[in-house]
Amino acid sequence: MTKFSFLEIQSRAIELRKVLQRYSYEYYVLDTPTMEDTVYDALYRELQTIEVEYPQLITADSPTQRVGEKPTTQFFSVQHNISLYSLDNAFASSDVTTWQERCQKGLDRRIFLDSVCELKIDGSAIALTYENGILVRGATRGDGTSGEDITTNIKTIRSIPLRLNLENPPDRLEIRGEAFLPIAVFEAINQERSQQGEALFANPRNAAAGTLRQLDSRKVDKRRLDFFAYTIHLPSPLGRGAGGEGNPQSQWQALEFLQTIGFRVNPNKKLCKSIQELQDYYDYWSTERLKLPYMTDGMVIKINTFSQQEQLGFTQRTPRWAIAWKYPAEEMPTIIEAVTVQVGRTGTLTPVAELRPVLLAGTTVSRATLHNSDRLAELDLHIGDTAIVRKAGEIIPEVVRILPELRPYGATRFVMPTHCPECGQPVLKPENEAATRCINLECPAIVRGAIEYWVSRDAMDINGVGEKLVKQLVTENHITSIADLYDLTSEQLQTLDRLGQKSADKVVAAIAQSKIKPWARVLYGLGIRHVGSVNAQTIADNFPNVELLTNASPEAIASIFGIGEEIAQSIYEWFRKDANQNLVQRLQASGLQFVGEKKDNRAIAINPNIAGKIFVVTGTLPTLKRDEAKDLIKFAGGKVTDSVSKKTNYLVVGEEAGSKLEKAQSLGVECISEEDLLNLIK
C-alpha cells in the first residue's frame with residue numbers, strides 16, 4: 001500500500017468532509033439522495049479512520065461530530081412525538097457477536113438474549129400517528145427529531161390503515177415502518193420516465209423518497225407505494241378500558257399485534273435463540289432476497305424483550321438493543337488506478353477500469369467495464385479518480401459515477417486510443433454509434449473472438465476448444481480464421497502446451513463432428529452483427545441455402561416476421577465483403593452445412609389461442625427443450641421472437657429466467673408456464 005504524506009492525508013480528510021456534508025444535506029434536507037448508503041458508510045468510515053489516527057485533523061464541522069441534519073423546509077416541518085433513532089451497522093458475524101455480548105454485559109447476563117430478526121427493507125422510514133384509532137399524521141424521518149408532514153401522501157398507501165382495527169383504541173398511538181416501491185413498479189416508473197426524457201431514479205429507495213415528496217397526491221397514488229410496519233409505541237397501560245395486561249411485552253408480540261390491528265408486517269421475521277440461528281437467517285436471505293419483489297440490503301436484529309430494551313437504553317443516536325447486519329455492498333467507492341482497452345470479436349474497443357481492489361456483493365472486484373467512449377465522456381474519467389462501482393445485475397462490475405471532488409491534483413483525463421491496442425491499425429467510430437471499432441479483419445483479437453464464438457455451445461458446440469486453446473492457436477499462427485480449424489492436424493495440436501496425443505485426437509474429432517451441425521447453427525456461428533440464435537433459425541427457415549441468402553436484398557430479408565431493417569442490412573452488408581465470401585467458400589469445401597434440412601411436411605394446425613400471437617421463451621422448461629416449445633408455437637400458428645417488447649403477447653417462463661422476465665413484468669406482458677402453454681395449445 002502506498003505511503004501517503006501528512007499533507008496528502010489532510011487534503012483527503014478535507015475533501016471527504018465536503019463530500020459527506022453535501023450528500024448529508026441532499027439526503028436529510030432535500031430528501032433527494034444521490035449516493036447509496038453503502039458508499040456513504042464507506043467514505044464515512046474512511047474519514048473516521050483518518051481522524052482516529054490523526055486527532056489533530058478533527059474539526060467541529062466534521063460529519064463524525066454531529067448527530068443529524070435539519071429537515072427540508074419545502075414541506076411543513078413537524079416535531080416527532082417519539083424520536084426516530086439510527087441503527088449501528090454490523091458487517092461481519094464477529095460484529096454481531098460483539099454486540100450480543102455487550103448487551104449481555106449491560107444486563108449482567110451470561111446467556112444469549114432472545115432476538116428478533118427482520119429483513120431491512122430498502123425504502124423510506126415513516127412515522128405514523130393515530131389518535132383515537134384514526135390516522136392523523138404521517139411524517140418523514142428527517143433528522144430523527146423532526147420531519148415533514150406528508151399525511152396526504154401517506155393516505156394513498158393502501159397497506160396503511162386509515163382506522164385501526166381496535167375496539168378501544170388509545171388516545172394516541174405511534175407506528176414506525178418503511179414505505180417502499182416494489183421492484184416491478186420501480187422499473188415501470190423508470191421506463192415511463194425514460195420515454196418522457198426524464199432523469200431515471202437510481203434505485204427503488206430513491207424513487208420511494210422522491211414519490212413521498214410529490215406535491216400532488218394523485219401522482220403518489222399512481223406510484224403504488226407499499227408499507228411494512230415494524231415498531232409500535234403504546235401508552236402504558238393501553239387506554240380507555242383496554243387495560244395494560246394486553247400490551248405487547250416483546251418485539252415478537254408487537255409484530256403480531258401490528259398485524260392484528262391492520263398493518264402489513266414483513267412475513268420473513270424470525271425469533272432466534274442463538275448466534276447460530278442469527279447466522280443461518282443471514283446466510284439464507286443473502287441469496288433468497290434476490291427472489292423478493294422488493295429490495296432489502298440486510299437484516300435488523302433486536303433484543304426481543306421490551307423490559308431488556310428499556311434497561312439497555314440508547315446512546316446519543318442509536319438504541320443499544322438493536323443492530324443492522326448489512327449484506328456485502330452492491331455499490332462501493334474505490335480508486336481508478338488505470339484504464340485498459342479490450343478488443344472484442346466484432347472489433348469493438350471496450351475501456352475497462354483497473355481498480356484498487358474492493359469487496360462488492362461478496363466478491364473482490366479489481367476491474368469494471370466503462371462501456372464505450374460516450375460513457376467515458378459522460379463520466380469525465382481521470383486516472384486516480386474515486387469512482388462508485390456496482391455490479392450490474394449482480395454479475396458484471398461497472399463504474400456508476402465519478403466523485404470529482406476527490407480528484408487528485410494533476411490527474412489526467414483518459415481518452416480512447418486512435419489505434420487498436422491489439423494490431424496497431426487505426427480505429428473507426430461511426431457518427432451514429434457509441435462504439436469505437438478496429439476494422440482490421442486480421443486483428444488477433446477479432447480472430448480469437450470469432451473463433452471462440454464459432455465453437456461456443458449455441459453455435460458449433462465443439463468440445464475441448466476453449467478460450468485458452470484458441471489463444472494458443474492464434475498466437476502460434478496455427479489459425480487465422482474459422483476455416484483454419486478444419487485444417488488442423490493432431491500433430492499440430494501436440495506442439496501446444498499441455499496437449500498430448502489423446503487430447504489432440506479428441507479435439508480433431510470434435511471439430512470434424514461439428515460439420516453435421518445444421519444450416520441455422522452455421523449461420524449463427526458466423527457471428528453476423530444482430531443475428532442471434534432465434535433470428536438465425538428464422539432466417540434459415542426462409543432462406544434454405546446460403547446462395548439464396550447471399551443474393552437476397554435487404555428488403556427481402558426484412559420482410560420476414562421478426563427481422564427488422566437493422567438486422568437485414570447487417571446480413572446484406574456481411575455477404576457483400578470478399579473476405580466473408582471466401583470464408584463461406586472455404587467452410588463449404590470443408591463440408592459444413594450451408595443447406596437446410598428438408599422441411600417437415602406437417603401443416604400448421606391453426607389454434608385460435610395461439611394464431612397470430614407473439615411469444616418469447618426464456619429459462620429452462622420442466623419437460624420441453626426451448627426449441628421444442630418454439631416449434632409447438634409455430635405449428636399452432638403463433639410467432640416466436642427473441643426479445644420482449646410491447647408487442648409480445650406471452651412470455652413462456654422456465655427456471656432461471658433472467659432479464660426477459662423482468663422486462664416482461666415491467667411492460668405488463670403476460671407470463672405463463674410450460675403447462676399454461678400446453679393448455680393453450682390443447
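Where in the stretch 138-224 are the helices (runs of 4 or more DSSP H), entirely inside, with at least 3 residues that are within 24 Å of the chain's Cα centre (by Cα) and over 26 Å from residue 259 (Cβ atoms)?
Values: elements: 151-154, 183-195, 204-212, 217-223.
Those helices (runs of 4 or more DSSP H) span 183-195, 204-212.
For the structure I just gave you, tell me whether residue 596 is within 20 Å of residue 452 (Cα to Cα) and in contact (Cβ under 8 Å) with a residue 40 or more places away in the chain. Even if it seems obvious, please write down each step before you answer.
Values: within 20 Å of residue 452 (Cα to Cα): no; in contact (Cβ under 8 Å) with a residue 40 or more places away in the chain: yes.
So residue 596 does not fit the description; no.
Got at least one residue in the stretch 337-344 being in contact with a helix residue (DSSP H, G or I) (Cβ under 6 Å, 6 or more places away or on another chain) and within 30 Å of residue 234 (Cβ to Cβ)? I'd like the intermediate steps shown before the answer.
Here is the first cut: in the stretch 337-344, the ones in contact with a helix residue (DSSP H, G or I) (Cβ under 6 Å, 6 or more places away or on another chain) are 343-344.
Subset that is within 30 Å of residue 234 (Cβ to Cβ): none.
For the stretch 337-344, residues in contact with a helix residue (DSSP H, G or I) (Cβ under 6 Å, 6 or more places away or on another chain) and within 30 Å of residue 234 (Cβ to Cβ): absent.
Here is a list: 366, 373. Which entry is open to solvent by 40 Å² or more (accessible area, probe 1.4 Å), touching a residue at least 12 places away in the same chain (Cβ under 8 Å) and hydroxyl-bearing (Ser, Thr, Tyr)?
Values: 373 fails: open to solvent by 40 Å² or more (accessible area, probe 1.4 Å).
Just a single option satisfies the conditions, and that option is 366.
Among the residues of the stretch 667-678, is any at pLDDT below 90, more than 39 Å from the chain's Cα centre (by Cα) and part of a helix (DSSP H, G or I)?
No - not one qualifying residue is present in the stretch 667-678.
Starting from residues that are in contact (Cβ under 8 Å) with a residue 60 or more places away in the chain and touching a helix residue (DSSP H, G or I) at 6+ places or on another chain (Cβ under 7 Å), keep the ones in the stretch 642-670 and report whichever is least open to solvent (accessible area, probe 1.4 Å).
Looking at the filtered set, the residue picked out is 666.
Is it the case that the stretch 387-407 has a residue that's open to solvent by less than 30 Å² (accessible area, probe 1.4 Å) and either closer than 30 Å to residue 521 by Cα or assigned to a loop (DSSP other than H, G, I, E, B) (or both)?
The answer is no, given that none of the residues of the stretch 387-407 is open to solvent by less than 30 Å² (accessible area, probe 1.4 Å) and either closer than 30 Å to residue 521 by Cα or assigned to a loop (DSSP other than H, G, I, E, B) (or both).
Kindly indicate whether residue 237 is touching a Gly at 6+ places or on another chain (Cβ under 8 Å), at pLDDT below 90 and surrounded by fewer than 18 Cβ atoms within 10 Å (Cβ to Cβ).
On the way: touching a Gly at 6+ places or on another chain (Cβ under 8 Å): yes; at pLDDT below 90: yes; surrounded by fewer than 18 Cβ atoms within 10 Å (Cβ to Cβ): yes.
Judged against the criteria, residue 237 is a match.
Being without any contact (Cβ under 8 Å) to a residue 24 or more places away in the chain and closer than 14 Å to residue 229 by Cβ: is that true of residue 177 here? Before the answer, list the steps.
Numbers: without any contact (Cβ under 8 Å) to a residue 24 or more places away in the chain: no; closer than 14 Å to residue 229 by Cβ: yes.
Here the answer is no, as residue 177 does not meet what is asked.
Here's a check for you: in the stretch 82-123, which residue that is assigned to a loop (DSSP other than H, G, I, E, B) and of a type in the set (Gly, Ala, Ser) is farthest from residue 276 (Cα to Cα)? First the steps, then the outcome.
Here is the first cut: in the stretch 82-123, the residues assigned to a loop (DSSP other than H, G, I, E, B) are 82-87, 91-92, 107-114, 122-123.
Going one step further and asking which of them are of a type in the set (Gly, Ala, Ser), we end up with 83, 86, 92, 123.
Working: 83: 32, 86: 26, 92: 13, 123: 28 Å.
Restricting to residues being assigned to a loop (DSSP other than H, G, I, E, B) and of a type in the set (Gly, Ala, Ser), the top hit is 83.
Which of (1) open to solvent by 80 Å² or more (accessible area, probe 1.4 Å); (2) more than 27 Å from residue 375 (Cβ to Cβ) is the odd one out, the single condition residue 466 does not satisfy?
The single condition residue 466 does not satisfy is (1).
Do we find that residue 155 is of a type outside the set (A, V, I, L, M, F, W, C), open to solvent by 20 Å² or more (accessible area, probe 1.4 Å), modelled with pLDDT of 85 or more and touching a Leu at 6+ places or on another chain (Cβ under 8 Å) in this structure? I'd like the intermediate steps shown before the answer.
Working: of a type outside the set (A, V, I, L, M, F, W, C): yes; open to solvent by 20 Å² or more (accessible area, probe 1.4 Å): yes; modelled with pLDDT of 85 or more: yes; touching a Leu at 6+ places or on another chain (Cβ under 8 Å): yes.
Here the answer is yes, as residue 155 does meet what is asked.
The values are calculated or read from the model by the stated rules, or taken from the named source; none is laboratory data. Keep in mind it's a predicted model, so treat the numbers as computed, not measured. Neighbour counts are summed over all protein chains in view; Cβ atoms, including those assigned to glycine, are modelled from backbone coordinates with ideal geometry. All accessible areas refer to the heavy atoms of the entire protein, side chains included, with ligands and DNA or RNA removed. Shrake-Rupley method; radii C 1.70, N 1.55, O 1.52, S 1.80 Å.
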